[in-house]
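> I have a structure here, written as structure tokens, and I will follow up with some questions on it.
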Amino acid sequence: MIQNSRALLRTTAILTATAALLGWLLWTTGTPSPHDAKAATTAAPANVTTPDQAPGQTIKLGDGDTMVAALLRHDIPSDTAYEITAALEAAGANLRSLRPGDSFLLHRDDDARPTMLVHAPSAWLRFKAINRDGRWKVERSTTKPEIRVEMRQGEVKNSLWDAVESGAIAPSALLDLVQIFESEFDFTADTQPGDRFNILIETRYADGVPVDFGRILAAQYVSGEQTLTGIGFATLGGAPERLSYYDAQGNSLKKMFLRSPLEFSRISSGFTYRRPHPVLGGVRPHLAIDYAAPIGTPVWAVADGVVSFAGRNGGNGIQVRVRHRAGYETYYNHLSRLGKGIRRGARVEQKQIIGLVGSTGISTGPHLDYRVKHGNDFVNPLSEKFLPGKKLDAAQLPQFTQQARALLARLEQDNALQLTIDPSWQGKP
């Protein structure tokens, strides 16, 4: 009897987990293109309709369209089209924000006269314009997001963007993950096939339908023998919805220096004391890291500091130099142009854009020549041990420790469940 009960429990657990997995897979079919890193986290439902709207006609805006133009194109009288849009705007609808591809729902009676128009600019807001006795009245309704904490996983095949292409994570959530560990890990130089990540992330639902992602509460990134852990925590004095990230011991993951001065590039030449020079010939030191990137790629300051030089400097082309604390100075060479407000004496913040990638000076093609000087010597940016991040205030450590343990236990539990469902797991949630 005991054995039968245990078997039944195991079967029930597997069926429940499998149902959850299949539900997620159905959702991920709508993940946006990985090439649009600034796109919304998931494809937001255009105009969510309810059963009473089913007979309506969906009208999609074309290039240069306004709602009035789209209505006129579908044989709605001019005065009616203007009455509808005026009523919508009076109710707070921002029709100027409409873009090609946006759509709305139009209902007609048996004589093809318009009776109702539904405009849903987002999953959280809907306007319903209704013809009542020849006058258009608008009902405005809002949906409060339901926030669920869910786990996402991914694995690198060729690049980190594989996780986006597989549907494991949306572009903006991937960028949030990179920002958590950008002081600890150079995703340009150190990412390799087989790297994997697990994150606990807030997912916002509208009427039971997933719409987009919110904050990452906890994250782990595994590369070879290295495991990075980040725990989100709202510090005293900060906005409660804004999280700072710490390792499991409460040390801030935001270091003095970022590991890379640009995002998702490729190292074309490393730091060495003997390199055949591609233009001048001979063997010369190359005390820099070269990042191959298209012209115009933003270059940011790796740390807070003061600009010590900005302009043309011989073979370095357009160059920016920034002085930092503890005797460090960074060099950014071969830029195509300077960033806004970048001049000698200007203060810059970590991750502020100081210029754009170019090929000025002695250069064989578009790239960034990035150098770090400590005192009188150039050092290898990839191996230099920069100043560590600050430790969390002692008064907050007990609360943080309790929260970190709970989040890490959830990560491990959910990860073990995924592996139990599919032993051949390849990064798919």
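The values are calculated or read from the model by the stated rules, or taken from the named source; none is laboratory data. Everything numeric here is computed off the predicted structure, so don't read it as measured data. Quick reminder, even Gly has a Cβ in these numbers, built from the backbone with ideal geometry, and neighbours come from all protein chains shown.
> Would you tally the residues in the range 114-136 being closer than 24 Å to PHE213 by Cα, touching a residue at least 40 places away in the same chain (Cβ under 8 Å) and assigned to a strand (DSSP E or B)?
Here the count works out to 4.
> Sticking with this one: Looking only at residues that are out of contact with any helix residue (DSSP H, G or I) (no Cβ under 7 Å at 6 or more places or on another chain) and outside any helix (DSSP H, G or I) in the range 171-188, which one is nearest to ASP247 (Cα to Cα)?
Going through the qualifying residues, I end up with GLU184.
> Conditions: (1) under 23 Å from ALA301 (Cβ atoms); (2) modelled with pLDDT of 90 or more. ILE216 meets all but one. Number of the miss?
Evaluating ILE216 over (1) under 23 Å from ALA301 (Cβ atoms); (2) modelled with pLDDT of 90 or more leaves (1) as the failure.
> I would also like to ask the following. GLU384 versus (1) among the charged types (D, E, K, R); (2) at pLDDT below 85; (3) outside the structural domain of GLU184 (by TED's automatic domain parsing); (4) under 27 Å from the mean Cα position of the chain (by Cα): which is the lone unmet condition?
(4)
> Also: Name the residue, out of LEU160, LEU177, that is at pLDDT 85 or above and either crowded, with 20+ Cβ neighbours inside 10 Å or assigned by TED's automatic domain parsing to the domain that holds LEU407 (or both).
LEU177
> Would you be able to say whether some residue in the range 333-342 is in contact with an Asp or Glu (Cβ under 9 Å, 6 or more places away or on another chain) and closer than 16 Å to PRO261 by Cα?
Yes, the conditions are met somewhere in the range 333-342.
> Within the range 170-214, which residues are of a type in the set (Ser, Thr, Tyr) and under 17 Å from the mean Cα position of the chain (by Cα)?
SER172, SER183, THR188, THR203
> Being at positive phi and either modelled with pLDDT of 85 or more or touching a His at 6+ places or on another chain (Cβ under 6 Å) (or both) is true for just one of GLY224, GLY237. Which residue is that?
None of the other options fit; the residue is GLY224.
> So for the range 273-290 (the condition being modelled with pLDDT under 95 and among the aromatic types (Phe, Trp, Tyr)), does at least one residue qualify?
Yes, the conditions are met somewhere in the range 273-290.
> Of all residues in the range 62-93, count the ones that are under 16 Å from LYS128 (Cβ atoms) and assigned to a loop (DSSP other than H, G, I, E, B).
Selection size over the range 62-93: 3.
> Give the number of residues within the range 77-133 that are over 27 Å from TYR205 (Cβ atoms) and of a type in the set (S, T, N, Q).
Residues in the range 77-133 being over 27 Å from TYR205 (Cβ atoms) and of a type in the set (S, T, N, Q): 5 in total.
> Still on this structure, please answer the following. I'd like the full set of residues that are touching a Phe, Trp or Tyr at 6+ places or on another chain (Cβ under 7 Å) and either among the small types (Gly, Ala, Ser) or surrounded by fewer than 19 Cβ atoms within 10 Å (Cβ to Cβ) (or both), limited to the range 105-129.
Within the range 105-129, ALA129 is the sole residue that qualifies.
> Of all the residues that make up the range 292-302, how many are surrounded by 23 or more Cβ atoms within 10 Å (Cβ to Cβ) and assigned to a strand (DSSP E or B)?
Total meeting the criteria: 1.
> Right, another one. Say whether the condition of being part of a strand (DSSP E or B), hydrophobic (A, V, I, L, M, F, W, C) and farther than 30 Å from ASP195 by Cβ is met by at least one residue in the range 105-113.
yes
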